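Notes follow once the structure below has been shown.
Just so you know, all these numbers are worked out from the coordinates, no wet-lab data involved. What you see is a predicted model, and the numbers here were worked out from it, not measured in a lab. Note that we place each Cβ from the backbone using ideal geometry, even for glycine, and neighbour counts take in every protein chain shown.
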Amino acid sequence: MKKQLTVALGLAVLATPAFATKARLQALGEDSYGSQYINDNRNIWLNAAQINNHKDLVTYEFGTENSGDDASSPRGEGGVYKAMGNMVYGVQFGGASNTANALRTGAGLTGAAEQNNIDVFVGGDAGLKWGANLGYAKTADESGPLSSESMRTRLGVIMGDFQAYGNVNLINNAKGTDGDKFEGDLGYQVGVIQAWEGNTVFADYRSFEAENTTQKDDIGLKRLEIGLGRVERLNDKSNLFVKASYLMSEVENDASTNNFGVGNCGTGTAAVLCEEYKTSQVPVTVGLETEATSWLTLRGSVGAVVWGSEEDKDNERTIQNATIINAGATLKFGELSVDGVIGNSAQGTTSSANGTDSGTLRSDVLMSRVSMTYRF
C-alpha cells in the first residue's frame, strides 16, 4: 500500500503544470532570477559568469505562453547549456523580463509584454571565470498596433571569492493595443558579491527609466539592496539558509494618479502602478533544505520584514502582512530532477496555488511551478 501511495504521489507531481529551479529559489525565499548566496543554475540571469558553474544540463520550465510569470501562472521557458573545452555555451527560450513587462504596464500600455524571447550565453575559465549574454525579443501584429522589441546584455566575472556583474537594457520599445507608445531609456543592474568567512556579503543596485511617448508620461524605478547571506551545513543531509538585508526602492510614475489601495497600487512589483512610492525595510529570511530520502528533497522558508516603512504621495505606513511562508520539493530520478513549489489553499475557495493561502495542503495540485532538469 505504501509503495502504491508513493507511486501515486510521484505521478501526481509529474502530471502537474510545471516550472523549474525558479521553484527551488521561491521555496527558499529568493528571487527567481537568481540568488547572491544560494548555489542554483538560475544564477546565470544575475551573473552571466555563473554559466561556468552550471553547465552540461537541459532545463525545461513548463508553463503557458502568457507574458507574466508567477507561481499561479508560470511562463514556459527552456534551454540547454554545454561545455566545450574551457568554454561553455547556452541558449534559452522564453526568458522574458518581469521588470520590463511591469514598467510597460505601469506606463499605461495594454498587451505590450515581451514575447518570442531568445537568450544566448557564452562563458569561459582562464583562471578568471567570465560570462556574457545577449537577449532579444520582437513581435508585431500587422493587423493592429501591437508591437514590441527589446534587447539586453549581461556581463559578469568570478575571481575566487569575488563576483561582479552588470546587466544592461539596450532596447526596450513597445506599442500597446491602445496605440500608446513606450520607449525605455538606458536601464541597468550592477552588483558585487564577496564570500567572507563562510558568509556572503553583497550589494545590488538597479535603475530603470522609460516614457509613454504618446502621453508624455515618465516612469522610473530605483532599487538598492545590501545584505548578508549564510549557508550552514547542519549535517550530511540538511542545509540552513539565512539572509538579512537592507532594501530601499523608489518609484515615480507620471502615468498614474493612484495611491495605496487605489488602482492596484501596492507593494512589490505593484509599486509601479503608484504615482509615487518609497520604501525602506529590513527583510530577514530563514530557509531549510533536507534530503528526506535518496529520491526526495524537501525545503521551506519563512521570511519577514522585521523593520520597514512605505509611503505613497499622501500616505505613510509600516510594512503590512510582512511574513511569507514557502515550501517546495525535488524528486530525483538519477540525473533527472523535478522541482516544484508545494501548493496549499483553503477548501471551497479559489486558490492561487502558490503557498500563500490558508495553509491547507492541496491533493489535487500537489505542486506548482514544477520543472525538469537533466544533467549529462
Segment 2-375 - percent relative contact order, Cα under 8 Å, separation 6 or more
16 percent
Please turn the phi angles of segment 199-213 into ³J(HN,Hα) values with the Karplus equation 6.51 cos²θ - 1.76 cosθ + 1.60 (θ = phi - 60°), one per residue in order, whole Hz, x for glycine and proline.
10, 10, 9, 8, 9, 9, 10, 10, 9, 9, 9, 7, 8, 7, 6
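Taking the number of other C-beta atoms within 10 Å as the exposure measure, put 274, 265 in order starting with the fewest.
265, 274
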With label points set 7 Å from each Cα along the Cα-to-Cβ direction at residue 162 and residue 304, the distance between them in nm comes to 3.7 nm
Expected unfolding gain across residue 325-residue 213 under the 0.36 nm per residue rule, minus the alpha-carbon gap, is 36.3 nm
What is the dipole size for the chain, taken about its Cα centre, with +1 at each Lys and Arg Cβ and -1 at each Asp and Glu Cβ, in debye to the nearest 20?
1500 debye
Two pseudo-spin positions, 7 Å from Cα along C-beta at residue 170 and at residue 316, lie apart in nanometres by 4.4 nm
Measuring from the longest principal axis of the C-alpha atoms of the chain, the long axis of helix 2-14 (C-alpha) lies at a number of degrees, nearest 10, equal to 20 degrees
Take the alpha carbon atoms of segment 39-114, find their center, do the same for segment 277-347, and report the distance between the two centers in whole angstrom.
20 Å
Could you run the Karplus curve 6.51 cos²θ - 1.76 cosθ + 1.60 with θ = phi - 60° over segment 79-86 and give me ³J(HN,Hα) per residue in whole Hz, x for Gly and Pro?
x, 9, 9, 9, 8, 9, x, 9
Whichever aspartates and glutamates have a C-alpha closer than 13 Å to that of residue 181, once near sequence neighbours (fewer than 8 apart) are set aside
149, 211, 217, 218
Along the charge dipole of the chain, pointing to its positive end and built from +1/-1 on Cβ of Lys, Arg, Asp and Glu, which listed residue (282, 151, 333) has its Cα farthest out?
333
Starting from the Cα-Cα distance between residue 116 and residue 335, subtract it from 0.36 nm times their residue separation and give me the gain in nm to one decimal.
75.9 nm
Length gain on complete extension for the stretch residue 235 to residue 149, per 0.36 nm per residue less the alpha carbon to alpha carbon distance?
26.1 nm
For the residues 84, 367, 248, what sequence is obtained by ranking on other C-beta atoms within 10 Å, fewest first?
84, 248, 367
In this model, which of 82/222; 138/332; 82/175; 22/243 are farther than 26 Å apart at the alpha-carbon?
82/222; 138/332; 82/175
Segment 114-214: mean projected area of Cα convex hull, nm²
7.8 nm²
Quick one: Cα convex hull volume of segment 59-128, Å³ per residue?
108 Å³
Answer label for Cα extents along the principal axes in Å (calculated), chosen among (i) 57, 54, 54; (ii) 63, 55, 49; (iii) 60, 46, 39
(ii)
Rounded to 0.05, the calculated FRET efficiency for the beta carbons of residue 185 and residue 292 at R₀ = 30 Å is 0.05
Please compute, over every Cα-Cα pair in segment 166-319, the percentage with a separation greater than 29 angstrom.
36 percent
Of 119, 314, 217, how do they rank once you tally other Cβ atoms within 10 Å and put the fewest first?
314, 217, 119
